Amino acid sequence: MMMLHDLRFRTLSAMLTAVLFVAACSISVTPSPAAKSGISMVSAITNNPYKAVLDYIAECEGTAGAPNGAYAVSLDYGRWLPDGKEQELTKLTIDQIDELQTYMLANPMNRARYGNGIGSSAIGKYQIVRATLRRLKKRLDLTGSELFDEAMQDRLAAELVRGRGANTSLGREWASLRGKKLTRAIDLVRQIKP
């Protein structure tokens, strides 16, 4: 059943991509819904003022050196995903990522190892967990059909940084930001010139 759903999604996704490409070629660029968070999709891709702090967060989270820019990395490099291996996360929608994260959290070994019995669903370059992704989906008024691609992951992480600001609460968003790492991340946030 999952494979049929995956095949239908990939076919639909390919058709939607083609339609969006044709549409993009025939219209002028206008601000996206990302503007609600103060970050246009164009700046998220090409000139992201959050780039330095986001790169540093990825480094602290241990994803920075991973293949494909680290955007397809999950907790323990796919151990908790179906078949125990990484998937092409950037080709999945936010709702499909939520399904994967739910799958991860249902694994009793994951729950025994992480989060005091709760488990972890950290996924993507910035290791965003399911509860955070759901919160961001509501805050940014996302439908769930958006791709969890590079631009979206950067947008989500930048929104988390923007929401926390240059203070110690960044450490509540990313467990890897402790001590000197947290101090460095705060310094990088202070340097952001939107």
Long-range amide H partners of Ser74, meaning residues 5 or more apart or on another chain whose placed amide H is closer than 5 Å, are Gly124
Calculated FRET value between Thr143 and Ala64, using beta carbons and R₀ = 41 Å, to 0.05 = 0.85
Among Arg155, Arg172, which comes first, then next, by fewest other beta-carbon atoms within 10 Å?
-> Arg172, Arg155
Starting from the Cα of Lys85, draw a straight line to each of the lysines and keep only those under 20 Å, dropping any in the same chain fewer than 8 residues away.
-> Lys125
For Ile57, Ile94, Ile192, ascending order of other Cβ atoms within 10 Å (fewest first) is Ile192, Ile94, Ile57
What number, in percent, do you get for the relative contact order of the range 54-135 if the mean sequence gap of Cα pairs under 8 Å and at least 6 apart is divided by its residue count?
-> 32 percent
For the range 83-138, count all C-alpha to C-alpha pairs, find those more than 16 Å apart, and express that count as a whole percent of the total.
-> 39 percent
Any aspartates and glutamates whose Cα falls less than 20 Å from that of Lys180, other than same-chain ones fewer than 8 residues away, would be Asp55, Glu59, Glu61
Give the Cα extents of the range 39-190 along the principal axes, in whole Å, largest first.
-> 40, 34, 29
Sorted from fewest to most neighbouring beta carbons within 10 Å, what does the list Ser176, Ser145, Ser121 look like?
-> Ser145, Ser176, Ser121
Would you kindly derive the ³J(HN,Hα) couplings of the range 115-132 from the backbone phi angles with the Karplus curve 6.51 cos²θ - 1.76 cosθ + 1.60 (θ = phi - 60°), listing them in order in whole Hz, with x for Gly and Pro?
-> x, 6, x, 8, x, 10, 10, 4, 8, x, 4, 9, 6, 7, 8, 4, 4, 5
Express the relative contact order of the range 39-190 as a whole percentage, based on alpha carbon pairs under 8 Å and six or more residues apart in sequence.
-> 28 percent
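None of the figures in this text is laboratory data; all of them are computed from the coordinates on show. This is a predicted model, so every value here is computed, not measured. Methodologically, a virtual Cβ is constructed for each residue, glycine included, from the backbone with ideal geometry; neighbour enumeration extends over all protein chains shown.
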